[in-house]
Amino acid sequence: MSATTVKPGRAYVTATLAVIALSVTASLLGLFREGHYDVEPGIVLRLQAQDAVILVVAVPALALALWTARRGSLRGRIAWLGALAYMTYVWSSITATTPFNEFFLGYVALFGLSLFTLVGGVAHTDPEPVQRALSGKISERLYAGVLAFIGVGLALLWLVDLVPATLAGTPPLVVEELGEGAVHTYVLDLGVVVPALSLTAGWLLQRRAWGYVFAGVLLVMAALLAPGLAAITAADALGDYVTLSTPLIVGTVLPPLVAAVLAVRYLLAFDGSAVRDREPADRRTGS
């Protein structure tokens with residue numbers, strides 16, 4: 001398989017369109033199907049806030065990114081991968097935390113399609129053109145510093161809850177309020193997101209080509225997470241169901257907002273780069 005193609009091939013386009021269609025279906029069911037979420041009203045409000053953001057923000061972002069990626073845009077390809085990373089994160093979380101319902105297999109399909117489309121898309125991405133397009137146009141130190149800061153902040157945000165609870169042998173407050181499914185957030189963030197942020201920051205400081213790719217993917221993912229986290233925080237404040245502290249609000253909402261600003265700057269740094277290489281190879285490999 002070639003790792004130099006830019007345009008997503010037919011298999012990846014089809015998988016992405018399936019993610020889009022299933023995401024719309026899942027969000028509409030969550031918003032309008034009575035009793036879809038068999039949980040407390042306060043948690044329903046949180047889940048529906050997330051559904052609304054997926055429908056209004058994430059789905060259009062993924063569709064636009066796919067369209068621009070298919071035109072041979074490096075910017076579009078990074079945005080496409082970042083949007084898929086967001087879908088993987090969100091649908092993994094929703095699948096693990098939502099009580100079983102008639103759409104459970106749909107959630108599983110969403111997670112699987114998002115994950116393997118992301119993995120395949122990354123595997124068929126050549127990092128060298130991305131590095132060439134961005135070298136001298138972004139501050140590697142700034143981006144690496146922000147990624148490392150977000151990673152450390154996210155780790156501390158959860159460890160402040162987890163370490164005392166572990167030593168005391170009692171569940172963290174979030175788990176007490178939201179149920180055992182909330183543990184999945186700790187697993188995703190501490191087991192995947194924090195290491196990814198840390199590694200990418202190191203690669204970017206070393207000016208490794210993959211550092212430029214993953215920096216964009218993580219920043220786009222964080223940018224798409226920002227409105228969802230803000231909406232969920234607002235729902236928590238309105239519902240008075242989850243205990244909110246100032247550090248929790250700031251630590252949850254501010255880093256993704258900063259990442260969103262950097263994501264925009266990162267994507268704009270591509271000067272309309274369109275590498276239309278190896279279209280026949282792209283079709284053969286299905287990348």
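The values are calculated or read from the model by the stated rules, or taken from the named source; none is laboratory data. Owing to the predicted nature of the structure, the values given are computational and were not obtained by experimental measurement. All Cβ positions, glycine included, derive from the backbone under ideal geometry; neighbour counts span all protein chains shown.
Scanning the stretch 170-180 for residues that are in a helix (DSSP H, G or I) and farther than 23 Å from Met221 by Cβ turns up Leu173, Val175, Glu176, Glu177, Glu180.
So which residues in the stretch 3-21 are touching a Gly at 6+ places or on another chain (Cβ under 7 Å) and crowded, with 20+ Cβ neighbours inside 10 Å, if there are any at all?
Val6, Lys7, Pro8, Gly9, Tyr12
Could you tell me which residue of the stretch 178-188 is surrounded by the most Cβ atoms within 10 Å (Cβ to Cβ), considering only residues that are of a type outside the set (A, V, I, L, M, F, W, C) and within 16 Å of Thr98 (Cβ to Cβ)? Working first, answer last.
So the first thing to find is which residues in the stretch 178-188 are of a type outside the set (A, V, I, L, M, F, W, C), and the list is 179-181, 184-186.
Subset that is within 16 Å of Thr98 (Cβ to Cβ): 179-181, 184-185.
On the way: Gly179: 15, Glu180: 11, Gly181: 17, His184: 15, Thr185: 19.
If we take residues in the stretch 178-188 being of a type outside the set (A, V, I, L, M, F, W, C) and within 16 Å of Thr98 (Cβ to Cβ), then Thr185 is surrounded by the most Cβ atoms within 10 Å (Cβ to Cβ).
Considering only residues of the stretch 71-103 that are among the charged types (D, E, K, R) and surrounded by fewer than 20 Cβ atoms within 10 Å (Cβ to Cβ), which is nearest to the chain's Cα centre (by Cα)? Applying the filter and picking the extreme gives Arg71.
Val122 - would you say it is surrounded by 17 or more Cβ atoms within 10 Å (Cβ to Cβ) and more than 19 Å from the chain's Cα centre (by Cα)?
On the way: surrounded by 17 or more Cβ atoms within 10 Å (Cβ to Cβ): yes; more than 19 Å from the chain's Cα centre (by Cα): no.
When the stated conditions are applied, Val122 does not pass them.
Quick one: in the stretch 59-70, of everything that is surrounded by fewer than 23 Cβ atoms within 10 Å (Cβ to Cβ) and of a type in the set (Gly, Ala, Ser), which residue is nearest to Val13 (Cα to Cα)? Per the criteria, the residue is Ala63.
For the stretch 148-169, state whether one or more residues are in a loop (DSSP other than H, G, I, E, B), out of contact with any Phe, Trp or Tyr (no Cβ under 8 Å at 6 or more places or on another chain), under 30 Å from Pro99 (Cα atoms) and at pLDDT below 95. Write out each step before concluding.
Here is the first cut: in the stretch 148-169, the ones in a loop (DSSP other than H, G, I, E, B) are 169.
With out of contact with any Phe, Trp or Tyr (no Cβ under 8 Å at 6 or more places or on another chain) added as a condition, the list becomes 169.
Filter once more, so that each one left must be under 30 Å from Pro99 (Cα atoms): 169.
If we keep only those that are at pLDDT below 95 as well, we get 169.
Within the stretch 148-169, one or more residues are in a loop (DSSP other than H, G, I, E, B), out of contact with any Phe, Trp or Tyr (no Cβ under 8 Å at 6 or more places or on another chain), under 30 Å from Pro99 (Cα atoms) and at pLDDT below 95.
Any idea which residue in the stretch 36-58 is farthest from Leu225 (Cα to Cα), counting only those that are buried (at least 18 other Cβ atoms within 10 Å of the Cβ) and among the charged types (D, E, K, R)? Among those that are buried (at least 18 other Cβ atoms within 10 Å of the Cβ) and among the charged types (D, E, K, R), it is Arg46. In a residue-by-residue description of the stretch 111-121, the property of being touching a Lys or Arg at 6+ places or on another chain (Cβ under 8 Å) and modelled with pLDDT of 95 or more applies to at least one position.
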